[in-house]
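Working notes, beginning with the structure itself.
No lab work stands behind these numbers, since they all come straight from the coordinates. The model shown is predicted, which means the values in this text are computed figures rather than measured ones. Cβ atoms come from the backbone with ideal geometry, glycine included; neighbour counts cover every protein chain shown.
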Amino acid sequence: MPIVCLAIIGQQNNPLFIKTYPEAEQDKELRLHLIVHCSLDAIEEKILLKRAPVDCFLGLLYPTEEYRVYGYLTNTNIKLVAVTNDASMKEDLLCGVLRSLHSVYVDAVCNPFFTLPSKSAVFEAKVHQLVSAMQ
């Protein structure tokens, strides 16, 4: 599976949603959480370098030995992070996935009964559907 982790990070850099695909053993999951946490510095750097934000997709934030980390920044400063293990994945495809994740997130937070961080089965199912479409 090309996407190994998706994360939604709040305005205060607090994790709102982090999910690994497939379900990872604990040490691998912690490593992916660390990678997502480290991506916040790269996002901050990209924000400072961008003069007039035209597109929310930030592109490749940084590569590691095993993974490539991509970012997306919403207008409300919510950060979406995708970690992939496929070096040949096209950025356009990943941009589409992050845009779709943004739409799923917006649909969820528009519900007045939805609170973050959430364990909503419907929200997780929609996110899993996005990841499954990448196979």
In segment 60-103, residue farthest from Asp41 (Cα to Cα) [restricted to those that are within 13 Å of the chain's Cα centre (by Cα) and among the charged types (D, E, K, R)]: Arg99
Output for segment 99-126, where each listed residue is surrounded by 15 or more Cβ atoms within 10 Å (Cβ to Cβ), over 17 Å from Tyr21 (Cβ atoms) and of a type in the set (S, T, N, Q): Ser118, Ser120
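So that you can scan it fast, the table gives a plain yes or no per residue for (1) more than 18 Å from Leu116 (Cα to Cα); (2) within 16 Å of the chain's Cα centre (by Cα); (3) of a type outside the set (S, T, N, Q):
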residue: Leu6; (1), (2), (3): no, yes, yes
residue: Gly10; (1), (2), (3): no, yes, yes
residue: Asn14; (1), (2), (3): no, yes, no
residue: Ile18; (1), (2), (3): no, yes, yes
residue: Pro22; (1), (2), (3): yes, yes, yes
residue: Asp27; (1), (2), (3): yes, no, yes
residue: Arg31; (1), (2), (3): yes, yes, yes
residue: Leu58; (1), (2), (3): yes, yes, yes
Residues (touching a strand residue (DSSP E or B) at 6+ places or on another chain (Cβ under 8 Å) and surrounded by fewer than 15 Cβ atoms within 10 Å (Cβ to Cβ)) located in segment 51-67: Pro53, Gly59, Leu60, Pro63
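Just to be sure, is Tyr70 in a strand (DSSP E or B), out of contact with any Phe, Trp or Tyr (no Cβ under 7 Å at 6 or more places or on another chain), surrounded by fewer than 17 Cβ atoms within 10 Å (Cβ to Cβ) and free of Cβ contacts under 8 Å to residues at least 40 places away in the same chain? First the steps, then the outcome.
Numbers: in a strand (DSSP E or B): yes; out of contact with any Phe, Trp or Tyr (no Cβ under 7 Å at 6 or more places or on another chain): yes; surrounded by fewer than 17 Cβ atoms within 10 Å (Cβ to Cβ): no; free of Cβ contacts under 8 Å to residues at least 40 places away in the same chain: yes.
No; evaluated as a whole, the condition is false for this residue.
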Neighbours by Cβ (under 6 Å, 6+ apart or cross-chain): first from segment 110-127, closer than 20 Å to Gln11 by Cα; second in a helix (DSSP H, G or I): Phe114/Ala108; Phe123/Ala108
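With touching a residue at least 60 places away in the same chain (Cβ under 8 Å), closer than 17 Å to Ile3 by Cα and small (Gly, Ala, Ser) as the only criterion, which of Ala87, Ala82 stands out? If you could, list the steps in order and put the result at the bottom.
Details: Ala87 fails: touching a residue at least 60 places away in the same chain (Cβ under 8 Å).
Result: Ala82 is the single residue among Ala87, Ala82 that is touching a residue at least 60 places away in the same chain (Cβ under 8 Å), closer than 17 Å to Ile3 by Cα and small (Gly, Ala, Ser).
Considering only segment 25-45, I want to know if a residue exists there that is of a type in the set (A, V, I, L, M) and surrounded by fewer than 15 Cβ atoms within 10 Å (Cβ to Cβ). First the steps, then the outcome.
Going residue by residue through segment 25-45, those that are of a type in the set (A, V, I, L, M) are 30, 32, 34-36, 40, 42-43.
Restricting the remaining residues to those that are surrounded by fewer than 15 Cβ atoms within 10 Å (Cβ to Cβ) gives 30, 34.
Within segment 25-45, one or more residues are of a type in the set (A, V, I, L, M) and surrounded by fewer than 15 Cβ atoms within 10 Å (Cβ to Cβ).
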